[in-house]
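*Asks:* One structure is given below, represented as structure tokens, and several questions about it will come after.
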Protein chains: 2
Amino acid sequence: MDYTLPEFLAHAIALEHEAAERYLELADMMETYRNDEVSALFRDMVRYSRLHHDSIVRRAGTIALPKLRSWEYRWTQPPEVGGEEAFDRALDPYNALLYARENEVRGLEYYSRVGQQSSEPEVKRLAAEFAAEETEHVEALDDWLARTPRPSTPCRDDADWT
Amino acid sequence: MDYTLPEFLAHAIALEHEAAERYLELADMMETYRNDEVSALFRDMVRYSRLHHDSIVRRAGTIALPKLRSWEYRWTQPPEVGGEEAFDRALDPYNALLYARENEVRGLEYYSRVGQQSSEPEVKRLAAEFAAEETEHVEALDDWLARTPRPSTPCRDDADWT
């Protein structure tokens, strides 16, 4: 994963765009649950992701970026809707937060690894900066998880997903 | 999963749209590998998915359809690019076919189950028809898999994904 700067910027832009899209879905879903607090949290996350996305686009400027495949940046499925049997299930707030957290951690680990492994100073610098930002998001989600009741019936065995 | 007709149509439209998008990505990727035969197969799959999509849209006509969340219809990640460590890996033809097959089977199982469980005659009828179509796709992919050399190094342990 020794990215060139254009490769890294393309991934970061796609990750932030994807994050904003998913947070918007989660915010809308929490709104239908009339859970305005968690909905507002997700709308904040939408805003942060878009701001970050736009700042990376500005940083990229006129650099030609490679085209990515969807699976190179997409969020994983939320654990409790994984598999083909669960198309019609909705997320409760606790699992929505957990889903968001899983994906923030995934982003954090991704940026950290790029930062450690890259030999390009500008990639290293940006990756470390982005990793720090993801860390803040994980902490914000942890605060919310601590205040959110865990649903009594687990949707899926822990062993079923990692 | 006792869908109303609008719910079922919304899922089917989203599934076919998603399938067309993913087949297009796979076709493009195989083209960059100069594997024109497998690329042509995926372009055929794009066309079939779009035709099917358009026919379901026509069937839906003026029926108001519910809005779905991305995770209710999205393809899973290809097995060998799963997880955050593999953002920069490309698919070889064998694994691309396997990825497509996994998702066709997922669609087939989904349609079959809806067909069996639904109490609405029109949902039952359409779901059975769509399941039969997915079965043909799985068979086409099986034919290609039988003719495609398996890469010598497995990308990931079988135990890692289901």
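Since every read-out is calculated from the coordinates, none of them should be taken as a lab result. Keep in mind that what you see is a predicted model, and the values were worked out from it rather than measured.
*Asks:* Could you give me the percent of Cα pairs per 20 Å distance bin for the protein assembly as shown, shortest bin first, beginning at zero and ending with the bin that holds the maximum distance?
*Replies:* 29, 58, 13, 0
*Asks:* Nearest 10 degrees, 0 to 90: what angle lies between the long axis of helix A:121-147 and the longest principal axis of chain A (Cα atoms)?
*Replies:* So the helix axis and the longest Cα principal axis differ by about 10 degrees.
*Asks:* So which lysines pass the test for A:Lys124, namely a Cα distance under 27 Å, with those fewer than 8 places away in the same chain ruled out?
*Replies:* Answer for A:Lys124, where 27 Å is the Cα cut-off: A:Lys67, listed by chain and number.
*Asks:* Looking at the P(r) of the stretch A:94-148, how many percent of alpha-carbon pairs lie beyond 17 Å?
*Replies:* Roughly 39 percent, once rounded to a whole number.
*Asks:* I'd like the Karplus ³J(HN,Hα) series for the stretch B:28-35: coefficients 6.51, -1.76, 1.60, θ = phi - 60°, whole numbers in Hz, and an x wherever there's a Gly or Pro.
*Replies:* These are the phi-based 3J(HN,Hα) values: 4, 5, 5, 5, 5, 7, 6, 9 Hz.
*Asks:* Just A:Leu26, A:Leu126, A:Leu68 to compare: in a GNM of chain A, with alpha carbon springs under 10 Å, which one fluctuates most?
*Replies:* A:Leu68
*Asks:* Evaluate Rg over Rh across the stretch A:1-42, taking Cα atoms for both radii and Kirkwood's formula for Rh.
*Replies:* Ratio of gyration radius to Kirkwood radius: 1.28.
*Asks:* When the convex hull of the C-alpha atoms of chain B is computed, what volume per residue in Å³ does it have?
*Replies:* Hull volume over Cα atoms, normalised by residue count, gives 120 Å³.
*Asks:* Report, to the nearest 10°, how far helix A:36-60 tilts away from the longest principal axis of the Cα atoms in chain A, using its own Cα long axis and a range of 0 to 90°.
*Replies:* Once rounded, the angle reads 10 degrees.
*Asks:* Take the stretch A:1-81, compute every pairwise Cα distance, and split them into 5 Å bins from 0; I just need the percent in each bin.
*Replies:* Percent of pairs per bin, in order: 3, 15, 20, 20, 17, 10, 8, 4, 2.
*Asks:* Give me the percent relative contact order of chain B, please, defined on Cα pairs under 8 angstrom at least 6 residues apart. Don't jump to the answer; show the numbers that get you there.
*Replies:* Working: 158 pairs, mean separation 43.8, N = 162.
Over chain B, the number comes to 27 percent.
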